[in-house]
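Trainee: Just dropping this structure here.
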Amino acid sequence: MTKHPAAVVAILAAGLVAFGCSSDDVSTVSSPSVAVATSAVSTIVTGDSTGAEIISDTTTSGSAVDSVVSVGVESGFTAEVWADNWFALYIDGELVGEDSVPITTERSFNAETIMFTAEYPFTVAIEAKDFKETDSGIEYIGEGNQQMGDGGLIVQITDDATGEVVMVTDASWSALVIHRAPLNAECEKDVDPDATCQFERIDAPDGWTSASFDDTTWPRATEWSVEAVSPKDGYDQITWEQAAALVWGSDLEVDNTVLLRRTVSA
């Protein structure tokens, strides 16, 4: 259900008076698209004075509401994130939060809740990293459990004003892998993996977190099952939207640092 903030109601009520109507006596409105919300009326009115169409507020979350309530108005949002192992979250190029557990921490599995403000549309950019000790991509070097690591990330963002989840991670996201290792998996158990493991590393593109950045040449994110990622510690503390998926690059083990982007429309 779309909710109308009190401030918006006041503005709309003033608009109705300007049209020669009171908030208690509404039949037709000459404006092409006007949202009406009073203690007695909670409908969306579209059309013109010759044939207004009234659509129930309880069943509509379409562009008529967004155009009046959301576009160009700064709103509050809540991002819920679980990452293996670390992430940084940017909104329109601004860092709004990151994993509270440093990437240098082994087995750092936890969920984070980050609150921010933005105007529709806005661009979400995330830097996600799996734990690795060196560019070799190997974890726990010299220990009995020396191995290649694997990553995973899931995110959902809720509009605080409406309570609606407006964005989730899925295969529609753009995803650029900027560190891959080891490229030769047979080095996984070597005594000195830094000497034998091959890796590929590129710099993050300039301005990649900004809304104006062109990511059309980036590959799409890959969705991974819960069974493949085996999310731990914090994942079950969040009620995930059904459409929210665990994502990463195309290889859970070799892809160590992934840049992800997605624009949230009104």
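Trainee: For the condition over 21 Å from Phe213 (Cα atoms), open to solvent by 70 Å² or more (accessible area, probe 1.4 Å) and modelled with pLDDT of 75 or more, what is the one hit in Thr59, Thr78, Thr104?
Mentor: Details: Thr59 fails: modelled with pLDDT of 75 or more; Thr78 fails: open to solvent by 70 Å² or more (accessible area, probe 1.4 Å).
Exactly one residue qualifies, and that residue is Thr104.
Here's the yes/no breakdown for (1) open to solvent by 80 Å² or more (accessible area, probe 1.4 Å); (2) of a type in the set (Ser, Thr, Tyr):
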residue: Ala161; (1), (2): no, no
residue: Asp170; (1), (2): no, no
residue: Ser174; (1), (2): no, yes
residue: Thr196; (1), (2): no, yes
residue: Gly207; (1), (2): no, no
residue: Ser212; (1), (2): yes, yes
residue: Thr216; (1), (2): yes, yes
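Trainee: Please determine whether any residue of region 223-234 is in a loop (DSSP other than H, G, I, E, B) and at pLDDT 95 or above.
Mentor: Within region 223-234, one or more residues are in a loop (DSSP other than H, G, I, E, B) and at pLDDT 95 or above.
Trainee: Let me ask something additional. Could you list, in sequence order, the residues of region 245-266 that are buried (at least 20 other Cβ atoms within 10 Å of the Cβ) and not in a strand (DSSP E or B)?
Mentor: To start, the set of residues in region 245-266 that are buried (at least 20 other Cβ atoms within 10 Å of the Cβ) comprises 245-249, 254-262.
If the condition is that a residue be buried (at least 20 other Cβ atoms within 10 Å of the Cβ) and not in a strand (DSSP E or B), then Ala245, Gly249, Val254 are the ones that fit.
Trainee: Any chance region 135-155 includes a residue that's closer than 15 Å to Ala221 by Cβ, in a strand (DSSP E or B), touching a Leu at 6+ places or on another chain (Cβ under 7 Å) and small (Gly, Ala, Ser)?
Mentor: The answer is yes, given that some residue of region 135-155 is closer than 15 Å to Ala221 by Cβ, in a strand (DSSP E or B), touching a Leu at 6+ places or on another chain (Cβ under 7 Å) and small (Gly, Ala, Ser).
The values are calculated or read from the model by the stated rules, or taken from the named source; none is laboratory data. The model shown is predicted, which means the values in this text are computed figures rather than measured ones. Note: ideal-geometry Cβ built from the backbone for every residue, glycine included; neighbour counts use all protein chains shown. These area figures cover heavy atoms from the full protein model, side chains too; ligands, DNA and RNA do not enter into them. Shrake-Rupley method; radii C 1.70, N 1.55, O 1.52, S 1.80 Å.
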